[in-house]
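Visitor: Let me give you the structure first, and then I'll get to my questions.
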Amino acid sequence: MVLERPRVAVRERRQIRLAWVARHSIAIALAVMFITPVAYLVLLSLMTSNQALTSDYWPNTWHPENYVKVFEATPLPHYLLNTVLYAVTATVLTLASSVPAAYALAKLRFRGRNALFLVVICVMMLPPQVVTVPLYLMWARYGLTGSLAPLIIPALFGDAFCIFLLRQFLLTIPGEYLDAARVDGCGEWRTLLRVVLPMARPGIAAAGLFQFFFCWNDYYGPLLYTSENENSWTLTLGLASFRTVHHIDWNLVTAATVLAMAPLIIIFFFAQRAFVQGITLTGFKG
Amino acid sequence: MDGVRLRRGLTTFSFLAPALIGIAVFFGYPLISAVYFSFTKFDLLSVPQWVGLSNYRQMADDPFLLQAVRNTLWMVMVFVPVRIIFTIGLAMLLAQLKRGAGFFRTILYLPSLVPSVAATIAFVYLLKPGTGPVNHLLEKIGINGPLWFNSPAWAKPSLVLLGLWACGDLMIIFLAAVLGVPESLYEAASLDGANAWHKFRSITLPSIRPVILFAAVTGVIYTLQYFDQAAVAGSIASGQATVGAGISQSFGYPEGSTFTYPLWLYTSGFRYNALGYANALAIALFVVALAVTVILLRRAKAFSGEES
């Protein structure tokens, strides 16, 4: 018996070690598979325009100057400016308008609260194609198509997914903190700003990141509303513009794509911990 | 006393006012308009003309619609469950990694940061039948690779692969759920001698069930509106190489196998200018989406956050 024990421990440790190796091998294999198409885009962006039309995957000659060319071929900085304007203002405004609504749905008692929450879920599930035509006609009536306004103005009035995500996070904040603030004589708005906001920071960060990534890569919205006016184009629309009459300069399209993605990758890498911490769908936290 | 209640009501209303306006203007109004348009005949230049149920009657014998519905149903039946199982697997793996967790999370999330048009282009090129690197590799290990996006049988499975590759958002949501399961539950199970599979079945799975429900419903809705990837894949694989105007001519390539419901909606509305019919298609889509959502709402207790 006495001799038996260390052996078991050794076997157990070996098993843990093996599992560790297995997990990391799978992770590395998956990482290679996941990154290959992205690496392929990068390789494509370094080819000549003619080679990029073939199905080669290794550049015959390397052309890093493509990354300079994209700035000459299109007003890329201008597209970038529009993208930043759209993504930043829409994200900030969406959070500002969604947080109070999410707080009311999570922590205030009023008649019709459950019904309203169900409506929010319905809105979240609505395919955008359903309301495209009437909304387009509405913005056209006010002469706002061809600008970023139809993309930014709705952010003033909350976003269903954002409200849903924030409500689920706010449910995890214990009611005692709010009661304490109320006993101290804080009104509901003061309670929200002073007590709830600081505690909800991870949830707000996660909702903000979802919104920001969505706006940055949004293709359908800008295509619908801004395609008639090149001054309002965002990066995603600009990507489709490296086109002559006969062919597309895939090398430039991919170079611009890589440039457009780079900021998001950096943001995600540094924010991923907060991102994961801020998401809860069930309304409890372990 | 009434004054207090009134003031409290006003405060609550002030929290909700922006969202209420948003729901009315950007959901209620366009939905009602779309229902109205679905009973009319018009293009963007003409005034809508009331035609009653004729758009809906037209849907009954529309061969393109039948094909589009078949393809979309295939995607719903295959893509949605496969995506959920695959993403849970990824989340479980990521949750257990200690070393380099941030690095692996970033790499596996990376594909969802690639704009959908560029991602689809990269995939079609990698899977090119004759000369693409994937079939090259398969050939080396003695497998005759399929025609992928150029084969009517393989085009949809190729789209599924593309979708699995770009599943980052759902992966992060599942990862958060898996990490949210209290460690103490696992420790207690270990003391009872449970193995990894038992722990997954009896602890992880029940804890993340609401998230699976969420993933199923959002997955169905996402698949019902599947547009960019199907449109671009058809265009690039057919050799047309355009992602802009005129893209609708290659919709569904090869042999209509990637022709999804939203592609037909877009074609009727913006290529044939039959906006009334397009709105009828949109309303039909909404009814299906609503039915799926109702299933979620019936179980909305899972999201209420109040322990029963």
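Visitor: Over chain B, with a Gaussian network built from C-alpha contacts below 10 Å, which listed residue (B:Trp74, B:Trp264, B:Trp50) shows the highest mean-square fluctuation?
Guide: Top of the fluctuation ranking is B:Trp50.
Visitor: Anything in chain A that counts as a DSSP H helix reaching 30 Å or more along its axis (C-alpha) with Kyte-Doolittle mean of at least -1.0? List them, would you?
Guide: A:4-44, A:76-107, A:250-277
Visitor: Also: For chain A, set up a GNM with springs between Cα atoms under 10 Å and report which of A:Ala155, A:Ala29, A:Ala87 has the largest fluctuation.
Guide: A:Ala29
Visitor: Further question on the same structure: Which whole-angstrom value gives the distance between the alpha carbon centres of segment B:121-135 and segment A:174-216?
Guide: What the calculation gives is 48 Å, centre to centre.
Visitor: If you wrap segment A:4-44's Cα atoms in a convex hull and average its projection over all directions, what's the area in nm²?
Guide: Value for segment A:4-44: 2.7 nm².
Visitor: While we're looking at this one, here's another question. Which distance in nm do the two modelled labels at A:Glu72 and B:Val25 give, with both placed 7 Å along the Cα-to-Cβ direction?
Guide: 4.5 nm
Visitor: While we're looking at this one, here's another question. Just to verify a number: FRET efficiency for A:Asp56 and A:Asp179, C-beta to C-beta distance, R0 = 41 Å, to 0.05?
Guide: On the way: r = 67 Å, r/R0 = 1.63.
That pair, A:Asp56 with A:Asp179, gives E of 0.05.
Visitor: Looking at B:Asn144, B:Gly219, B:Val232, which one has the Cα that reaches farthest to the positive end of the dipole of chain B (charges on Cβ: Lys, Arg +1; Asp, Glu -1)?
Guide: With unit charges placed on the Cβ atoms, the residue in question is B:Gly219.
Visitor: Now, a different point. Rounded to a whole number, what is D in µm²/s for segment B:9-77 from Stokes-Einstein with the Kirkwood radius over alpha-carbon pairs (20 °C, 1.002 mPa s)?
Guide: Values: Rh = 15.6 Å.
Stokes-Einstein gives a translational diffusion coefficient of 138 µm²/s.
Visitor: Testing the spin-label approximation: label points 7 Å from Cα along Cα→Cβ at A:Thr48 and A:Ile28. State their distance in nm.
Guide: Placing both labels 7 Å along Cα→Cβ, they lie 3.8 nm apart.
Visitor: Name the residues whose placed amide hydrogens come within less than 5 Å of the amide hydrogen of B:Thr40, ignoring near sequence neighbours (fewer than 5 apart) on the same chain.
Guide: Amide H neighbours of B:Thr40: B:Val51.
Visitor: Checking understanding here: applying a Kyte-Doolittle mean of at least -1.0 and a length along the axis of at least 18 Å (C-alpha), which whole DSSP H helices in chain B pass?
Guide: Qualifying helices: B:2-23, B:63-96, B:205-224, B:275-298.
Visitor: For a label point 7 angstrom out from the Cα of A:Ile267 toward its Cβ, which stretches of segment B:153-174 have the backbone nitrogen within less than 15 Å?
Guide: The answer is B:169, whose backbone nitrogens lie closer than 15 Å to the label point.
Visitor: May I ask for the net charge around B:Arg105, where only other residues with Cβ less than 13 Å from the Cβ of B:Arg105 are counted and Lys, Arg are +1 while Asp, Glu are -1?
Guide: Net local charge, B:Arg105 excluded: +2.
Visitor: Mind listing the phi-derived Karplus ³J(HN,Hα) values for segment B:258-272, rounded to whole Hz, using 6.51, -1.76 and 1.60 with θ = phi - 60°, and x for any glycine or proline?
Guide: Residue by residue, segment B:258-272 yields 10, 7, 9, 4, x, 5, 5, 4, 5, 4, 4, x, 9, 9, 8 Hz.
Visitor: Taking the Cβ of A:Cys186 as the center, what net charge do the other residues with Cβ under 11 Å away carry, scoring Lys and Arg +1 and Asp and Glu -1? Please list the in-between numbers first.
Guide: Details: positive: A:Arg182, A:Arg190, A:Arg194; negative: A:Asp179, A:Asp184, A:Glu188.
Value of the local net charge: 0.
Visitor: Assuming R0 = 30 Å, what is the FRET efficiency of B:Trp50 and B:Tyr272, from their Cβ-Cβ distance, to the nearest 0.05?
Guide: Computed FRET efficiency for B:Trp50 and B:Tyr272 comes out at 0.90.
Visitor: Residues of segment B:163-177 with the amide nitrogen closer than 18 Å to a label point 7 Å from the Cα of B:Ala196, along Cα-to-Cβ, please.
Guide: Label zone hits: B:175.
Visitor: Taking the Cβ-Cβ separation of A:Arg17 and A:Ala115 as r and a Förster radius of 60 Å, what is the calculated FRET efficiency to the nearest 0.05?
Guide: The pair A:Arg17/A:Ala115 has a calculated efficiency of 0.65.
Visitor: While we're on this one: How large is the Kirkwood hydrodynamic radius of chain B, in angstrom, based on all distinct alpha carbon pairs?
Guide: 22.8 Å
Visitor: Still on this model: Test of understanding: express the Cα radius of gyration of segment B:68-138 as a ratio to 2.2 N^0.38 Å, with N the residue count.
Guide: On the way: Rg = 15.8 Å, N = 71, 2.2 N^0.38 = 11.1 Å.
Ratio of Cα Rg to 2.2 N^0.38 Å: 1.42.
Visitor: Starting from the Cα coordinates of segment A:74-277, work out the convex hull volume and express it per residue in Å³. Let's see the in-between values first.
Guide: On the way: hull volume 29.5 nm³, N = 204.
That works out to 145 Å³ per residue.
Visitor: Within 10 Å of each Cβ in peptide B:119-132, how many partner chain Cβ atoms are there on average? Round it to a whole number, please.
Guide: Details: counts 5, 1, 9, 10, 2, 1, 10, 6, 1, 2, 1, 1, 4, 3.
Averaged over the peptide's residues, the number is 4.
Visitor: Something else: Over all residues in B:165-178, what is the mean tally of Cβ atoms on other chains that come within 10 Å of each residue's Cβ?
Guide: 4
Visitor: Restricting to Cα atoms and excluding each atom paired with itself, what does the Kirkwood estimate give for the protein assembly as shown in Å?
Guide: Radius from the Kirkwood sum: 26.0 Å.
Visitor: Select from B:Val47, B:Val134, B:Val114 the residue whose mean-square fluctuation is largest in a Gaussian network model of chain B (Cα-Cα springs shorter than 10 Å).
Guide: In the Gaussian network model the winner is B:Val47.
Visitor: Take chain B, mark every one of the trypsin sites (Lys or Arg not before Pro) that falls in a DSSP loop and has at most 11 other Cβ within 10 Å, then report the longest stretch left between them, sites excluded.
Guide: Value returned for the longest uninterrupted segment is B:100-308.
Visitor: For B:Leu175, what charge total do you get from the other residues with a beta carbon under 12 Å from its beta carbon, if Lys and Arg give +1 and Asp and Glu give -1?
Guide: Summing Lys and Arg as +1 and Asp and Glu as -1 gives +1.
Visitor: Further question on the same structure: So what's the projected area for segment B:30-114, the Cα convex hull averaged over all directions, in nm²?
Guide: Taking the Cα atoms of segment B:30-114, their convex hull projects to 9.6 nm² on average.
Visitor: What's the exposure ranking of A:Cys162, A:Cys215, A:Cys122, A:Cys186, going from fewest to most Cβ atoms within 10 Å?
Guide: A:Cys186, A:Cys122, A:Cys215, A:Cys162
Visitor: Starting from the Cα-Cα distance between B:Val35 and B:Leu73, subtract it from 0.36 nm times their residue separation and give me the gain in nm to one decimal.
Guide: This chain segment gains 11.3 nm when fully extended.
Throughout, read-outs are computed from the coordinates displayed, never taken from laboratory work. This is a predicted model, so every value here is computed, not measured. Neighbour counts are summed over all protein chains in view; Cβ atoms, including those assigned to glycine, are modelled from backbone coordinates with ideal geometry.
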